[in-house]
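The values are calculated or read from the model by the stated rules, or taken from the named source; none is laboratory data. Please read these numbers as outputs of a predicted model, since none were measured by experiment. Reconstructed Cβ throughout: ideal geometry from the backbone, glycine too, with neighbour counts over all protein chains shown. Just the protein is used for accessible areas: all its heavy atoms, side chains included, with ligands, DNA and RNA removed. Shrake-Rupley method; radii C 1.70, N 1.55, O 1.52, S 1.80 Å.
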Amino acid sequence: MTSPEPVPLRTLDAQPYWDGCLRGELMVQRCTGCGAYQFYPRVRCVTCAGPVEFVAVSGKGTVHSLTVCHRPLTPRFGDGPYVVALVDLDEGPRLMTNIVGCPPESVYIGMKVTVAFQRLTEDVSMPVFGPVPS
Amino acid sequence: MADRTAAISGVGEASLRTIPGKSALQFAAEAALAALDDAGLSKDDIDGLVTAYSVGDPYNFFATVLAEYLGIKPRFLAQINVGGSVGNLLVSHASAAVADGRASRVLCVWADNRRSAMGGNATVSRVADLAAHPSYELPYGPLVPSLYALVANRYLHEYKAGPEALADVAVAARAHAAKHPNAIKQKPITRDDVFASPMVSSPLHALDCCLISDYGAAAIVTAADRAADHAQEPVWVLGTGEGTTHEFISQAPSLTSFGARASGQTAFAQAGLTPADIDVAYLYDCFTITVLVLLEELGFCGPGEAAAMVGEGVISPGGRLPVNTHGGLLSYSNGGFLHVIEAVRQLRGQAGARQVGAAETALVHLQGGVLSTHSTLILGRQR
């Protein structure tokens, strides 16, 4: 059973993020007041409510947790399995993603990963992560 | 001066059978009428109504529609939609309305026909749409079990526990359900049965996941000065609490500590009780991992100690702290408000083969989202 493929909404508060994804750059917000990084994009800093700017980050991170999903709801994941993970960027923020480019069973908590981008539609690309090339 | 202390004076539930075409309103009405019968009241005695929401029949104004459907004209009316923690909030909001005189007898209802209306697969998809962020999570394909599996894997990693800890929760739930004649799943299971059930999203197997079912549950919250003329002994609302740290799991500050901690602390302080004073507990068990997390968060054991506690049979029938004596969401039925119904029955001594001695105190903890919203309710036979 499959549902329609969910495509992210490009909301106004996140345009530089989505534009960055299309360019192959991971753009994350940093507070110009307290310096905290945050993801997902908002109009203000969630720590101090100060103004935020978008900055390109390294795209490197660490797997904080993961699950191997065996029952895809949408066509993009074929028959599965596929990895849904939470990755902590080196700059701090945590985001949900897929870990690709390696067997699902090889992914582990603490694994170092690096960003890649998957094109979903003409207007939308999303960050996914894979093993750091050795 | 009138005694406005809140008590639960009636409880009821709808038949758990799935019947195509049966609306959430019908489930709600069945439960409400059963609660009125239980309390010895008629619908015209009710002057307040608080409801949750339905995924299967998504009326924007479920509470108003239900009032109309039942022919009730409440002077206090509210609808709460914060996910699975709503059941306790129905009672706490009703208690507040009773305490400040906005109403004297408040009907609280939570019903859904998600199974009849959509079937299992569509329900899984629809609920994932609700639980994952539409832009930053959902496109990565998480099922609702995946969102909780992220918590489960982190828990097992941090506390060096094996998947047996999760399986033991499912086994305990089924052992309780085996004593309830209305439970949807009554056949006892073992750890091996859990491990042999299909893997849904690691480490969660199918038997780590709650039932997808229709349900209807209702309770009547009454001011003490009105409870005396009801058919049942009142069950007193001793303490309530809430806590929220996030909505979407990628935004949770921690994957092992949540708003449950603050919620429990608030409720215990209000009740003047500690975890050691609780005779029986009802913990929201949409997936086995939540029971482990909640035992720790509510102070029934320390961080990382729940696996051993469950392994020793503490939460099983006959254990020191039986949890979910009806079988919970894992084996009795979906519908978190059924936890409250069963707690009331235990405190009245009406739980039949699953009665926990002379239980004096019960704790109900419900959560919604992905361990996002939390509510705690402490109930007692004595004020």
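Assorted remarks:
- Residues of the range B:104-143 whose accessible area, computed with a 1.4 Å probe over protein heavy atoms, drops by at least 30 Å² once all protein chains are present relative to their chain alone are B:121, B:125, B:135, B:136, B:139, B:140, B:141, B:143.
- Ligands, DNA and RNA left out, the accessible area of the range B:276-319 computed with a 1.4 Å probe is 46% carbon and sulfur.
- Normalised per residue, the accessible area of the range B:324-383 is 20 Å², obtained with a 1.4 Å probe and no contribution from ligands, DNA or RNA.
- Three-way shape label, the range B:290-337, alpha-carbon gyration tensor, a/c 1.5: oblate
- By a 1.4 Å probe calculation restricted to protein chains, residue B:168 has an accessible surface near 20 Å², given to the nearest 10.
- Cα-centred dipole magnitude for the protein assembly as shown, charges only on beta-carbon of K, R (+1) and D, E (-1), debye, nearest 20: 200
- About its Cα centre, chain B has a charge dipole of approximately 360 debye under the convention of +1 per Lys or Arg Cβ and -1 per Asp or Glu Cβ, with nothing else charged.
- Comparing the full protein assembly with the isolated chain (1.4 Å probe, heavy atoms, ligands and nucleic acids excluded), the residues of the range B:184-232 losing at least 10 square angstrom of accessible area are B:198, B:199, B:200, B:201, B:202.
- Taking the helices alone, chain B has a mean residue ellipticity at 222 nm of -11000 deg cm²/dmol, built from -39,500 (n - 2.57) per DSSP H run of at least 4 residues and averaged over all its residues.
- For residue B:18, the solvent-accessible surface computed with a 1.4 Å probe is close to 70 Å², ligands and nucleic acids excluded.
- All other residues whose Cβ lies under 14 angstrom from that of residue B:178 are scored, Lys and Arg at +1 and Asp and Glu at -1, for a net of +4.
- Rolling a 1.4 angstrom probe over the range B:48-108 with all protein chains present gives an accessible area of which 54% lies on carbon and sulfur atoms.
- With a 1.4 angstrom probe, the accessible area lost at the A-B interface totals about 2900 Å².
- Of the residues in the range B:247-277, those shielded by at least 50 Å² of accessible area once partner protein chains are present, compared with the chain alone at a 1.4 Å probe, are B:250, B:251.
- Net charge over other residues, Cβ less than 12 angstrom from the Cβ of residue B:326 (K, R count +1; D, E count -1): +2
- In the complete set of protein chains, residue-level accessible area for residue A:57 is approximately 20 Å², probe 1.4 angstrom.
- Rough spin-label spacing in nm, given labels placed 7 Å along Cα→Cβ, for residue A:10 and residue B:355: 6.7
- Inter-label distance for residue A:132 and residue B:192, nm, one decimal - labels placed 7 Å from Cα along Cα-to-Cβ: 4.4
- Placing pseudo-labels 7 Å out from each Cα toward the beta carbon at residue A:109 and residue A:55 gives an inter-label distance of 3.0 nm.
- Rounded, prolate or oblate (a/c below 1.5 giving rounded, otherwise prolate when a/b exceeds b/c) for the range B:240-290 by Cα gyration tensor: oblate
- Accessible area in square angstrom per residue, the range B:121-213, 1.4 angstrom probe: 36
- Accessible heavy-atom area order of A:91, B:158, B:242, B:233, highest first, probe of 1.4 Å: B:233, B:242, B:158, A:91
- Accessible area of chain A divided out per residue, in Å², using a probe of 1.4 angstrom: 47
- Neighbourhood charge, 9 Å Cβ-Cβ cut-off, centred on residue B:39 and excluding it, Lys, Arg +1 and Asp, Glu -1: -2
- For chain A, calculated [θ]222 nm from helices alone, where every DSSP H run of n ≥ 4 adds -39500 (n - 2.57): -2000 deg cm²/dmol
- Shown are B:53, B:59, whose ranking by accessible area with a 1.4 Å probe and every protein chain present, most to least, is B:59, B:53.
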